[in-house]
Amino acid sequence: MATAAAAAAVGACTGRAHKALAPAKGKTRAGAGTLFRAADVRRTAQLDRAAFDPHVGSTFAVQVSPRDTVALSLATVAPLTAPARSRPPVKGGEAFSLAFTGPVKAVPQGSYPVQHAELGHFELFLAPVGRGGGDYEAVFNRLWR
């Protein structure tokens, strides 16, 4: 995973703008070429489960291209647990998922700038889930460093 989110996850944020990698030759992706501000990447690293809990039911604007934004509603914030027989999580580590609902097939899997009225700007890696379309998920795994 060589996105801006990965750079932030390993502490490699340099304070400059990050750019999502272009898709492989012959492939397309709506978010390809989207610029992520370094402040947005750092902001994502600051957000924890407690930050999202009060915003279930609220709208998040996802910038899927330089000109297009899609509104997604936060449906649930769910804790995730460490797999059995794995090493113990770091002190204060957490894992959780955000489930969103929105238009069918509006957000292909990828990293996107997101805007929320109270949480501000940040970046999320979103993936479509389920068979019906219109459901999306972001996963935060901070159990190990």
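Yes or no: region 61-82 includes at least one residue that is under 11 Å from the mean Cα position of the chain (by Cα), over 19 Å from A50 (Cβ atoms) and either surrounded by fewer than 17 Cβ atoms within 10 Å (Cβ to Cβ) or of a type outside the set (K, R) (or both).
yes
Within region 120-132, can you find the residues that are crowded, with 18+ Cβ neighbours inside 10 Å and hydrophobic (A, V, I, L, M, F, W, C)?
The answer is F122, L124, F125, L126.
May I ask you to verify whether F52 is modelled with pLDDT of 95 or more and within 18 Å of R142 (Cα to Cα)?
yes
Quick one: count up the residues across region 83-103 that are surrounded by 14 or more Cβ atoms within 10 Å (Cβ to Cβ) and either more than 21 Å from H116 (Cβ to Cβ) or among the aliphatic types (A, V, I, L, M) (or both).
Residues meeting the conditions: 4.
Just checking, does region 100-108 include any residue being at pLDDT 95 or above and assigned to a strand (DSSP E or B)?
yes
Out of the residues in region 110-124 that are over 11 Å from the mean Cα position of the chain (by Cα) and of a type in the set (A, V, I, L, M, F, W, C), which is nearest to R43 (Cα to Cα)?
L119
If L143 meets every condition in (1) modelled with pLDDT of 95 or more; (2) part of a loop (DSSP other than H, G, I, E, B); (3) buried (at least 16 other Cβ atoms within 10 Å of the Cβ) apart from one, which number is that one?
With (1) modelled with pLDDT of 95 or more; (2) part of a loop (DSSP other than H, G, I, E, B); (3) buried (at least 16 other Cβ atoms within 10 Å of the Cβ) applied to L143, the lone miss is (1).
Return a yes/no flag: does region 109-117 have any residue that is part of a loop (DSSP other than H, G, I, E, B), surrounded by 12 or more Cβ atoms within 10 Å (Cβ to Cβ) and either modelled with pLDDT under 50 or among the acidic types (D, E) (or both).
Scanning region 109-117 turns up no residue that is part of a loop (DSSP other than H, G, I, E, B), surrounded by 12 or more Cβ atoms within 10 Å (Cβ to Cβ) and either modelled with pLDDT under 50 or among the acidic types (D, E) (or both).
Give the residue, chosen from A30, A61, that is touching a strand residue (DSSP E or B) at 6+ places or on another chain (Cβ under 9 Å) and either within 21 Å of W144 (Cα to Cα) or modelled with pLDDT of 90 or more (or both).
Going through A30, A61 in turn, just one is touching a strand residue (DSSP E or B) at 6+ places or on another chain (Cβ under 9 Å) and either within 21 Å of W144 (Cα to Cα) or modelled with pLDDT of 90 or more (or both): A61.
Which one of the conditions (1) at pLDDT below 70; (2) at negative phi does G11 fail to meet, given that it meets all the rest?
That leaves (2) as the condition not met.
Pairs under 8 Å by beta carbon, first residue more than 17 Å from G57 (Cβ to Cβ) in region 98-122, partner of a type in the set (D, E) and part of a strand (DSSP E or B), six or more apart or different chains?
Hits for this filter: S111/E123; Y112/E123; P113/E123.
Out of A78, A127, A138, I need the residue that is without any contact (Cβ under 8 Å) to a residue 24 or more places away in the chain, part of a strand (DSSP E or B) and under 20 Å from V41 (Cβ atoms). Which one?
A127
The values are calculated or read from the model by the stated rules, or taken from the named source; none is laboratory data. Everything quoted here is computed from the prediction, not taken from an experiment. So basically every Cβ, Gly included, is an ideal-geometry build from the backbone, and we count neighbours across all protein chains shown.
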